[in-house]
Amino acid sequence: MIRIDAVTKRYPDGTVAVDGLSLEIPDRAITVLVGPSGCGKTTTLRMINRMVEPSEGSILLDGQDIRQQPVNTLRRSMGYVIQNAGLFQHRTILDNIATVPRLLGWSKQKARARAAELMERVGLDTSLAKRYPYQLSGGQQQRVGVARALAADPPVLLMDEPFSAVDPVVRKGLQDELLRIQDELGKTIVFVTHDIDEAVKLGTMVAVLRTGGRLAQFAPPAELLSVPADPFVEDFLGADRGIRRLSFFPSTELELHTAPVVAIDAGTEKLASGGEAAPCLLVTDTDGKPLGWGAPDDLAAGAIDRDRLLPFGRPFVPGKDSLRTALDGAVLSPTGWAVAVDEEGRAVGVVSQQMIGEAIRAAHAEGRPDAKAAR
Amino acid sequence: MNVLNFVHAFLSDSSHWHGYDGIPTRVGEHLHYTLQALAIAAAIALPVGLVTGHTVRGGNVLALVATAGRALPSFGLLVLLFIWIGFGLLPVMIPLVALAVPPILVTTFEAIRSVDPSPVDAARGMGMSETRVLFQVEIPVALPLILSGLLTAAIQIVSTATIAAYVSLGGLGRYIIDGLYQKNYEKVVGGATLVAGMALATLAVFWLVSRLTVSPGVRRSS
Ligand SMILES: Nc1ncnc2c1ncn2[C@@H]1O[C@H](COP(=O)(O)OP(=O)(O)O)[C@@H](O)[C@H]1O
Ligand SMILES: [Mg+2]
């Protein structure tokens, strides 16, 4: 465990970047430091690998003051990922990743074999191994940065806004990849970001810092969203934290209606009977994949005209997606009903906004959200 | 009167190709002065430039030294040193080294100082020692610029080493000085052409060295 104990950092010019910060960073989990620009996130992170020395206080790693071991030994035991990846442009991708193993005295061959392994782990095609950084996209470079940090299998990973410089789609991919890697490797990760959504998505624990380097709140993301400690945190979380909090409730409890789901080749009586539970029927193809909504009368009148069906919005996967995704699906659907599908995309039922609303109330009444549903 | 005719006449005269005043001997002497001056200048300027660039300290002092060095008149210095020290290679080497130090020093300092700070930060954060940071991160990236400083210095030495002839030493300057004295313009033009040829050869050598030592990742991305 990393323990930040009453740490203050005063730069030579008098700026107090971090002020009396205490934090217990749990093992094998992602702890996110979040806050507005200039609030001392980077300074805090860099004090953990002694790129910055605290003016007061101490930092303990597994109970031992980090100043007790040689600084480069400490740093080699902590992966370090920075915003623009910071790759070595004169080295190939493979040799970039092999840097720390080489520093640790591994043979070139062994270090490169390990680097190739890591390329696969972070989702990089090994055909890129002999390329140079300038030949890679920003997102790929960032993956190399992560692979390089993981190369010597350090127990701790320090990440300073690693995904801030890439576009939103690529960023989402990188975030999902990090969560996947973390599921496999279980590192102790300290992750800095100014993006509260990223913090909520990635963090097991989230530390919100306020300007002047003081801790505003330290809590799991769901708790942060439900009980922000003060107006600053509430303001920082943004307007729709109620909706975002739904990310933490699983959609497993939703009661799905199957009657309004009809296959395109169903007989007319089936079409007529389905209309009792819902105002519209969800028509699927013969595989069970949803095609769109149709009014029961129109459908019963005979020909199902594929082109005249209403779009069904974005479906959700019960158990995998959260209540937020389900509600989003219902809001997007012209009929007000969300479509539930299985992993293969076959419709397994439909659910109305009203029913989702009831599930939300029930979940709130029960209290603790399920942190896992966030993903 | 055609310069090309002079050049042709000078180079095709077989008597110019052997003996103590032959082209191979004079080119060899010129090369010797050049390499020696460049080596001494590099041995002084490279370490200072690398260390000051790495620590980003002493930039102002450096700029001052460089300006002062540039303002030194090589020929004047040579005459002064010749009177003071007397005959020998030393009065020639000092002005040549003084000429070559500023471009090497300033370019090396700038080259290291302007290396993108984020890989350097990453390298330190991964636990590289300062020496490793300099040699494994900063120098490989700064190399094209460092080489360009050395090239500038080398070319200046090649063209200025002709002054050695004024103090009775050899080198290609011999042809120019003797030719002027003897009013043998064929010799003057021939000597000047050989100096220009050596400058071009220097260019070619540096191009080759940079092909061999600069990583393709650096060549393309900058
Ligand atoms: N080397 C430094 N010298 C002086 N002030 C600094 C230095 N680094 C950061 N600061 C100041 O400390 C404060 C916190 O900076 P930083 O930790 O980088 O914040 P963040 O990462 O949250 O944006 C800022 O006001 C910044 O200007
Ligand atoms: Mg920062």
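The values are calculated or read from the model by the stated rules, or taken from the named source; none is laboratory data. Note that this is a predicted model, so its numbers are computed, not measured. Cβ atoms come from the backbone with ideal geometry, glycine included; neighbour counts cover every protein chain shown.
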*Which residue, of A:L158, A:L179, is closer than 17 Å to A:G79 by Cα and surrounded by fewer than 20 Cβ atoms within 10 Å (Cβ to Cβ)?*
A:L179
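Per-residue answers, yes or no, for (1) more than 8 Å from every other protein chain (Cβ to nearest Cβ); (2) of a type in the set (V, I, T):
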{"position": "A:N72", "(1), (2)": "no, no"}
{"position": "A:I93", "(1), (2)": "yes, yes"}
{"position": "A:A111", "(1), (2)": "yes, no"}
{"position": "A:Y132", "(1), (2)": "no, no"}
*So is A:T43 of a type in the set (S, T, Y), more than 16 Å from ligand 2 (Cβ to nearest atom) and closer than 23 Å to A:Q217 by Cβ or not?*
no
*Regarding A:P12, is this residue out of contact with any helix residue (DSSP H, G or I) (no Cβ under 7 Å at 6 or more places or on another chain) and without any contact (Cβ under 8 Å) to a residue 12 or more places away in the chain?*
yes
*asked:* For the structure I just gave you, tell me whether B:I104 is without any contact (Cβ under 8 Å) to a residue 60 or more places away in the chain and within 17 Å of the chain's Cα centre (by Cα).
replied: no
*asked:* So A:R76 ticks every box in (1) more than 8 Å from chain B (Cβ to nearest Cβ); (2) touching a residue at least 12 places away in the same chain (Cβ under 8 Å); (3) among the charged types (D, E, K, R) but one. Which box is left unticked?
replied: (1)
*asked:* Given the criterion part of a loop (DSSP other than H, G, I, E, B) and either within 12 Å of ligand 1 (Cβ to nearest atom) or crowded, with 17+ Cβ neighbours inside 10 Å (or both), identify the matching residue among A:R46, A:R28, A:R50.
replied: A:R50
*Look through A:I59, A:I66 and report the one residue that is within 14 Å of chain B (Cβ to nearest Cβ) and modelled with pLDDT of 95 or more.*
A:I66
*Out of all the residues in the stretch A:64-91, which are more than 16 Å from ligand 2 (Cβ to nearest atom), touching a strand residue (DSSP E or B) at 6+ places or on another chain (Cβ under 8 Å) and in a loop (DSSP other than H, G, I, E, B)?*
A:S77
*Within the set of pairs 6+ apart or on separate chains, which have a first residue in the stretch B:60-72 that is closer than 17 Å to B:L99 by Cβ, a second that is surrounded by 13 or more Cβ atoms within 10 Å (Cβ to Cβ) and of a type in the set (S, T, N, Q), and C-beta atoms under 7 Å apart?*
B:L62/B:T52
*asked:* Let me spell it out: the conditions are (1) closer than 28 Å to A:P54 by Cα; (2) among the aliphatic types (A, V, I, L, M); (3) without any contact (Cβ under 8 Å) to a residue 40 or more places away in the chain, and A:L174 meets all of them except one. Which number is the exception?
replied: (1)
*asked:* What's the total number of residues in the stretch B:101-159 that are facing chain A (nearest Cβ under 9 Å) and not small (G, A, S)?
replied: 14
*Check whether at least one residue in the stretch A:48-58 is touching an Asp or Glu at 6+ places or on another chain (Cβ under 8 Å) and within 13 Å of ligand 2 (Cβ to nearest atom), and report yes or no.*
yes
_Being surrounded by fewer than 22 Cβ atoms within 10 Å (Cβ to Cβ) and under 26 Å from B:Y20 (Cβ atoms) is the requirement here; does B:Y175 meet it?_
no
*asked:* So, A:V144, is that one more than 14 Å from chain B (Cβ to nearest Cβ) and among the β-branched types (V, I, T) or not?
replied: no
*Output the residue which, of all residues in the stretch B:181-211 that are free of Cβ contacts under 8 Å to residues at least 24 places away in the same chain and basic (K, R), is farthest from B:H8 (Cα to Cα).*
B:R211
